[in-house]
1. For the range A:383-432: of the residues being open to solvent by less than 20 Å² (accessible area, probe 1.4 Å) and touching a Ser or Thr at 6+ places or on another chain (Cβ under 7 Å), which is farthest from residue A:351 (Cα to Cα)?
2. Kindly indicate which of A:106, A:111, A:115 is open to solvent by less than 10 Å² (accessible area, probe 1.4 Å), within 16 Å of DNA strand B (Cβ to nearest atom) and not assigned by TED's automatic domain parsing to the domain that holds residue A:575.
3. Which residue pairs have Cβ atoms under 7 Å apart, sit 6 or more places apart or on different chains, and have a first residue in the range A:628-646 that is over 17 Å from residue A:536 (Cβ atoms) and open to solvent by 70 Å² or more (accessible area, probe 1.4 Å) and a second that is near DNA strand B (Cβ under 8 Å from one of its atoms) and not in a loop (DSSP other than H, G, I, E, B)?
4. How about the range A:251-327: which helices (runs of 4 or more DSSP H) wholly inside it have at least 3 residues that are under 30 Å from residue A:568 (Cα atoms)?
5. I'd like the full set of residues that are within 16 Å of DNA strand B (Cβ to nearest atom) and crowded, with 23+ Cβ neighbours inside 10 Å, limited to the range A:123-135.
6. Would you check if there is a residue in the range A:615-622 being in a strand (DSSP E or B) and either modelled with pLDDT under 90 or surrounded by 15 or more Cβ atoms within 10 Å (Cβ to Cβ) (or both)?
7. Condition test on residue A:334, is it more than 16 Å from DNA strand B (Cβ to nearest atom), among the small types (Gly, Ala, Ser) and more than 15 Å from the chain's Cα centre (by Cα)?
Amino acid sequence: MSQFWKPGSERPRLVDDEEGGVLLYATSSSSSSSGFGYGSLEKQRQRLPVYKYKTAILYSVETHATTIIVGETGSGKTTQIPQYLKEAGWAEGGRMIACTQPRRLAVQAVATRVAEEMDVKLGEEVGYTIRFEDITNEELTRVKFLTDGVLLREMMDDPLLSKYSVIMVDEAHERSLSTDILLGLLKKIQRRRPELRIIISSATIEAKSMAAFFNTRRRCEQEQGPIKEPAILSVEGRGFNVEIFYVEDPVSDYVWAAVSTVMSIHDQERMGDILVFLTGQDDIDAAIQLLTEEAQSSGKQGLVTVPLYSGLPRADQDLVFSPTPKGKRKVIFSTNIAETSLTLEGIVYVVDSGFSKQRFYNPISDIENLVVAPISKASARQRAGRAGRVRPGKCFRLYTEDYFSKEMSVVGIPEIQRSNLVSCVIQLKALGIDNILGFDWPASPSAESMIRALEVLYSLGVLDDDAKLTSPTGFQVAEIPLDPLISKMILASYEFGCSEEIITIAAVLSIQSIWIPVRGVQKQLDEAKLKFAAAEGDHVTFLNVYKGFIQSNKSSKWCHKNFINYHAMRKVIEVREQLKRITQRLGIGLKSCEGDIQAVRKAITAGFFANAARLEPFSHNGMYKTVRTSQEVYIHPSSVLFRVNPKFIVYHSLVSTDRQYMRNVITIDPSWLTEAAPHFYQKQLHSSVPQ
DNA sequence: GAGCACTGC
């Protein structure tokens, strides 16, 4: 392992956060996965690190409006704190305790565990709510787990969240879009409801800024009720030590460096699985190929390589969890998915490239890009921690310690500063927040992004001249849990008599892809697509696929035969059912246009008029220009209209690589643009759309 | 003729 050095061993130690090269401290003598065979659930609960802090936590919640709990993984905070609160009486008198999570799976898992510990039936005293699943009972449920997105939706009916006495926001350090919106709103609610208690659980690195955000104490103010200054409590975790190693010189090719590091670990370290963090499918495939070649040419045996990324078919993802064969060493090459969303057991070594793919939004061009960017120290810590779950581990960072300590940012950029804010703004408007630009965020998005979002909503007829939600359109669009452009398309479809068809299209557009991930089967996929291809474009093609799926009786076999992702289609059915319920509630019945595809295209245009593009008159390579901003764009090769190049189209989204590609396009008549949005197209039509 | 980190309502 010559290219690595261990901080503190060969050179004077530099600073690694607070820990100086060692990441997590073990606090108990036994691991969480062994030694509890005879203990009752109650005994197990008492052994969790958080147990020692029970009184302190309850005291703090009693006396402070906001309590920030800093806790590493395995402290037991998520499962225990809601129970402590319940025991202390916070759920009495018809009140409820809420605990939010960023992800659905976590909600289900935690709720199940807590119901078990409390020895109650899930869905009664302890319940959970995620999209498509409400396992709660209005009369009985006292402790409720839910995604932060669901809690935001609940605010539309109950803006002060009056049924909750305590709201615990878990994993707040991840700074997801909905967590940040939720935190901003909770701060507002607190002013109106001094009796409400908020608990924010976060990693060390974010605790101080969270506390500053929630500190509403003013100088000279007479304190009434709970103390306004947040309390910060620290609970240790239950991970094992992870030794950190850095490269001595910067690496130029992290894929190659990762593979050679894996080879060295395999050569020189005890048995134990390896987790390698790379950025995407390309990296991962390249690394696996390289490692296979290297192992072959050097005659090394005993390595089992597994890829892991979200686009992988379910069956392949499961390989990651299968036990490593005896005498073998598993090497998992993963994207960020293993950083937060999935927990892998048996990992002893982590190799960290220092990069991940991150979304960035440019409000000027209104384009979201996916770019490979350096991770933050917080991510690096999280990645390293993955090595210490079963026994002391090691983490090999493919960057220098100097880089880590001097150049790496402390935390990542919150999602809200990297996203298109259209959905976020309409949500706040629906909650009666009028002064969007003055909203108090944990991290403020740029004014440009806000203004762009307001413009888009105005052009859709969702906001009026005073930037208030229009009635009924604005309120209806806010009610539908999808991108406002899609919601607007749904509303318009009722007028065009094709809502039956449009909600199918809306459901398909709101999931990633209905085709099975390619690689190696490109030709077959293209051929399969031809069977469904419609001259009008991709949206109509989706209708054909959906029809076929229903006619096959929702058969997985049929999907397999046609290169269609069965799980994705199940999801389409689920989303479609939800949209059906919502549209009915909005008083929009379902109508079918019975094959009148022009109605469907007009409804799509009513939502997506801003995404119109025109073929350049003498273009030989299929170059289009957007009508609004004259940007150069091309039809994506995966579209059924690729190389067909009709004169006028609207697209669903842009993806940018070396070119800007339009994904999911449909042919339109340019006169529909002025019909759909007269104000929006007044100027542009004179200059760039021939009549 | 190209490529989709990850969530969520």
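The values are calculated or read from the model by the stated rules, or taken from the named source; none is laboratory data. On a predicted model such as this, the values are computed, not experimentally measured, just so you know. Neighbour counts are summed over all protein chains in view; Cβ atoms, including those assigned to glycine, are modelled from backbone coordinates with ideal geometry. When the accessible area is computed, the model is the full protein with side chains, heavy atoms only, and any ligands, DNA or RNA have been set aside. Shrake-Rupley method; radii C 1.70, N 1.55, O 1.52, S 1.80 Å.
1. A:421
2. Values: A:106 fails: open to solvent by less than 10 Å² (accessible area, probe 1.4 Å); A:115 fails: within 16 Å of DNA strand B (Cβ to nearest atom).
Exactly one residue qualifies, and that residue is A:111.
3. Taking only residues 6 or more apart or on different chains, not a single pair turns up.
4. Values: elements: A:254-268, A:281-297, A:314-318.
The helices (runs of 4 or more DSSP H) meeting that bar are A:281-297, A:314-318.
5. Scanning the range A:123-135 gives A:127, A:128.
6. Of the range A:615-622, the ones in a strand (DSSP E or B) are A:615.
Right, trim to either modelled with pLDDT under 90 or surrounded by 15 or more Cβ atoms within 10 Å (Cβ to Cβ) (or both) and you get A:615.
Yes, the range A:615-622 contains at least one residue that is in a strand (DSSP E or B) and either modelled with pLDDT under 90 or surrounded by 15 or more Cβ atoms within 10 Å (Cβ to Cβ) (or both).
7. On the way: more than 16 Å from DNA strand B (Cβ to nearest atom): no; among the small types (Gly, Ala, Ser): yes; more than 15 Å from the chain's Cα centre (by Cα): yes.
Answer is no for this residue.
Results for (1) more than 25 Å from the chain's Cα centre (by Cα); (2) among the acidic types (Asp, Glu), shown as yes or no for each residue.
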residue	(1), (2)
A:93	yes, no
A:125	yes, yes
A:130	no, no
A:135	no, no
A:146	no, no
A:168	no, no
A:181	no, no
A:199	no, no
A:203	no, no
